[in-house]
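Throughout, read-outs are computed from the coordinates displayed, never taken from laboratory work. Worth saying up front: this structure is predicted, and the values here are computed from it rather than measured. Cβ coordinates were reconstructed from backbone atoms using ideal geometry, including for glycine residues, and neighbour counts include every protein chain displayed.
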């Protein structure tokens with residue numbers, strides 16, 4: 001019987017994923033659960049047939065040029081593939097897959113949390129109670145921005161954007177969206193389509209980003225676009241940190257243009273932006289949009305399904 005393919009797991013994925021991987025592959029697991037460096041990736045490429053990286057492992061053109069020919073497939077444990085130079089990998093004949101569909105609801109749930117937490121002063125309120133500083137009340141105390149019935153702008157109506165819209169409908173929000181292509185009426189569910197971002201922004205009391213990070217979307221929300229939002233708008237980003245010009249966001253928060261922001265992703269990860277910490281109307285989480293047990297298992301299994309198909313001689317379902 002031929003030897004099982006060798007698979008590198010550079011991060012500690014879910015226990016169920018590790019167990020299934022060990023059943024079907026010879027697994028090299030990074031028990032330390034530290035991000036794989038460029039040198040780690042290059043060195044491991046001579047030892048394995050496949051890798052299951054996360055967005056913390058970066059396959060730049062320089063790294064890809066030094067990969068050993070033994071490596072045949074990168075089955076990403078993520079939807080986003082902005083950490084991979086796809087052109088360089090294709091030139092080397094290395095197959096790349098991702099894990100769409102399975103994390104949409106979990107990420108959309110977190111975007112709702114970010115929206116509500118930013119709108120209703122969650123950071124400030126938690127600090128007051130936790131520190132024992134809550135010693136008064138008045139009708140003007142911690143008055144926030146109401147979500148119910150507000151106009152919601154969604155940038156990117158893919159799987160996550162549509163899942164977010166479905167949950168926002170529970171708050172009777174007036175949903176507007178910008179997407180590269182218009183959805184079908186069944187998918188729109190009454191949402192208003194905007195043919196351009198410039199058309200959408202003035203309508204968005206709340207704006208939530210759900211588009212991929214590409215060269216075209218880098219700093220999508222810059223100073224000029226933030227300026228077009230209604231005064232007192234709330235910006236939510238659960239997609240990728242590259243979408244937001246963080247200096248422009250900070251200026252809009254300090255100047256009062258934006259009432260608040262809810263962020264799960266940042267230009268620098270891990271770590272975030274230290275300048276944001278001084279502002280309690282910036283509600284922040286450490287890039288945990290898909291961090292539920294059910295979703296982590298589903299992501300790992302989807303990546304393994306792609307590996308199984310590839311090594312069976314079939315086209316993986318989620319070929320990028």
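Worth pointing out:
- Scanning segment 81-103 for residues that are buried (at least 19 other Cβ atoms within 10 Å of the Cβ) and assigned to a loop (DSSP other than H, G, I, E, B) yields 81, 85, 94, 98, 99, 102, 103.
- Residues of segment 175-189 that turn out to be farther than 20 Å from residue 101 by Cβ and buried (at least 16 other Cβ atoms within 10 Å of the Cβ), as a count: 3
- The lone exception for residue 129 - which of (1) without any contact (Cβ under 8 Å) to a residue 60 or more places away in the chain; (2) assigned to a loop (DSSP other than H, G, I, E, B) it fails: (2)
- The number of residues in segment 250-263 being closer than 24 Å to residue 107 by Cβ and not in a helix (DSSP H, G or I) comes to 6.
Quick grid of which residues meet (1) in a helix (DSSP H, G or I); (2) over 16 Å from the mean Cα position of the chain (by Cα); (3) over 21 Å from residue 113 (Cα atoms):
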| site | (1), (2), (3) |
| --- | --- |
| 218 | no, no, yes |
| 248 | yes, yes, yes |
| 265 | no, no, no |
| 268 | no, no, yes |
| 290 | no, no, no |
| 302 | yes, yes, yes |
| 306 | yes, yes, yes |
| 309 | yes, yes, yes |
| 315 | no, yes, yes |
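- Of 20, 47, all but one fail to be within 18 Å of residue 303 (Cα to Cα), more than 23 Å from the chain's Cα centre (by Cα) and in contact (Cβ under 8 Å) with a residue 40 or more places away in the chain; the exception is 20.
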